[in-house]
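Data block below; observations after.
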Protein chains: 2
Amino acid sequence: MKIDKIDSGEVWLVGAGPGDPGLLTLHAVNAIQAADYLVHDELINPDILTLASENCQLIYAGKRGGKPSANQVDISLKLVELARENYKVVRLKGGDPFVFGRGGEEALALYENNIPFKIVPSVTSGVAGPAYAGIPITHREYNSVVSFVTGHHAVDSHDSRVNWHALAQTGGVIVFYMTLNRLNLVARQLLESGAKRSTPVALISNATTRLQTVVETTLAECKSIDPSTIAKPCLIVVGDNVNLRQQLKWFD
Amino acid sequence: MKIDKIDSGEVWLVGAGPGDPGLLTLHAVNAIQAADYLVHDELINPDILTLASENCQLIYAGKRGGKPSANQVDISLKLVELARENYKVVRLKGGDPFVFGRGGEEALALYENNIPFKIVPSVTSGVAGPAYAGIPITHREYNSVVSFVTGHHAVDSHDSRVNWHALAQTGGVIVFYMTLNRLNLVARQLLESGAKRSTPVALISNATTRLQTVVETTLAECKSIDPSTIAKPCLIVVGDNVNLRQQLKWFD
């Protein structure tokens, strides 16, 4: 089984997955092991960073969701600079680069600077977190649609890009990334858009890691939850499928 | 880095990912290598099956989307039977077990029969196929929502579970799995629900494999495409993000 190798002067935008190192892909492992430079996010499991070779330089490019990310341009420029110096550069991102990971922006910067690059997709937390919690985000008897949403700069601003009415009416499961701070608003918006008060909700913190915790509630009851009491990062999973958890718990 | 091992008498429902063996997770590789029995779908890359040990028995449990799947119960019963005989059983599924993969049904059957089981999530083709085609399914400037939909038994039946109007109004990217046969209907439904005629569409066949091909079109032009001329399996990706492909192609 042949796995592509990263070349000198290339940048690979690599998804580190949702947290559990066992969910790394073979492409990711190979790239990390071969990298001269590893430019990594804050939320990468330390076990994953230990895969890097002894000579690999680690560069921390952490950004916390919610804070202004003025340094996105700096990160992209650093990747270009290292590639031009002919290093093997791995940009290791928490989760998947293209699922609310801003990988598109970094890829465009590399393209514009004629740097050869690849994207290594990963398991995304919106699938794996619920799975580890015993929640199939699709189930034949329940839903034909699952939507991933980021509430980051989309929920409480006036120019919200999220059409709540449409989202509430898809009839499927909705998984919110990086939206915990706006939990109360999310629940209110969905309820005002016609979602049932009894719709089950799961708050999944530290998805797929040994620290994963799950809080089960309903849309109506969300308003009594103080988001600051819930560990981050946290997914908000909304939909009837959450009820399958009682039978399918397997992580604990 | 410690990776859990499958025990005798356990069944692991393992996602084989979208096709490229390099997108297998470490959990998947370890489980396949340790399995006594590998009960696998039709669409698994042969390179992945060669990871099984010499003594491993391969059981083919293929089902093609669209055909009646009367044998789902038989598959579940076979898993229960093998686990009771104290084998290490891996149920290897194309894609992710819980993203339109019917893993929930198999997991429930195992639960009901007191068989210990685990779910190993994988990279899903709806993320990775577009990524390999240079399409970030989310992009900060474009969308805050991405929806995965299966058209399987949902599109042209009278009791359709897909709310087309809601889907067309989410303002995000929509990725359809196993829906190629209904391409014309999908496009018509979205157009009748208010989607722009010029909305870009990508048809991605054999996602992430060496055979991957991409056809670019628009919702309005879909009606002139004969689905039987497009290779399966095929994802239908709908949304403005498809236009980024011209800059981000990296697979070719």
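Results, tabulated for the structure shown:
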| read-out | value |
| --- | --- |
| Inter-residue pairs, beta-carbon under 6 Å, first facing chain B (nearest Cβ under 7 Å) and in region A:129-147, second aromatic (F, W, Y) and part of a loop (DSSP other than H, G, I, E, B), 6+ apart | A:A131/B:F98; A:P136/B:F98; A:I137/B:F98; A:T138/B:F100 |
| Unique residue being modelled with pLDDT of 95 or more, out of contact with any Ser or Thr (no Cβ under 9 Å at 6 or more places or on another chain) and under 30 Å from B:T179 (Cβ atoms) when the list is B:L51, B:L79 | B:L79 |
| Region A:110-128, subset β-branched (V, I, T) and either assigned to a helix (DSSP H, G or I) or surrounded by 24 or more Cβ atoms within 10 Å (Cβ to Cβ) (or both), residue farthest from the other protein chains (Cβ to nearest Cβ) | A:V120 |
| Unmet criterion (only one of (1) crowded, with 24+ Cβ neighbours inside 10 Å; (2) modelled with pLDDT under 95; (3) over 13 Å from the mean Cα position of the chain (by Cα); (4) not aliphatic (A, V, I, L, M)) for A:P136 | (2) |
| The one condition in (1) open to solvent by 60 Å² or more (accessible area, probe 1.4 Å); (2) farther than 25 Å from B:F176 by Cα; (3) in contact with a strand residue (DSSP E or B) (Cβ under 8 Å, 6 or more places away or on another chain) that A:S228 fails to fulfil | (3) |
| Sole exception among (1) surrounded by fewer than 21 Cβ atoms within 10 Å (Cβ to Cβ); (2) at the interface with chain A (Cβ under 7 Å from one of its Cβ atoms); (3) not charged (D, E, K, R) for B:H165, by number | (2) |
| Residue in region B:91-100 that is among the β-branched types (V, I, T) and within 17 Å of A:I137 (Cβ to Cβ) present | yes |
| Residues being part of a helix (DSSP H, G or I) and at the interface with chain A (Cβ under 10 Å from one of its Cβ atoms) - total across region B:168-181 | 2 |
| Residue check, A:E192 within 30 Å of A:D74 (Cβ to Cβ) and either charged (D, E, K, R) or in the same structural domain as A:R84 (by TED's automatic domain parsing) (or both) | no |
| Candidates B:L43, B:L79, B:L26 - the one that is of a type in the set (A, V, I, L, M), surrounded by fewer than 24 Cβ atoms within 10 Å (Cβ to Cβ) and in contact (Cβ under 8 Å) with a residue 60 or more places away in the chain | B:L43 |
| In region A:188-208, residue nearest to A:L24 (Cα to Cα) [restricted to those that are buried (at least 17 other Cβ atoms within 10 Å of the Cβ) and among the polar types (S, T, N, Q)] | A:T208 |
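The values are calculated or read from the model by the stated rules, or taken from the named source; none is laboratory data. Treat the numbers as computed from the prediction; the structure is a model and nothing was measured. Neighbour counts run over all protein chains shown; Cβ positions are idealised from the backbone, glycine included. Protein only, heavy atoms only, side chains kept; ligands, DNA and RNA dropped before computing areas. Shrake-Rupley method; radii C 1.70, N 1.55, O 1.52, S 1.80 Å.
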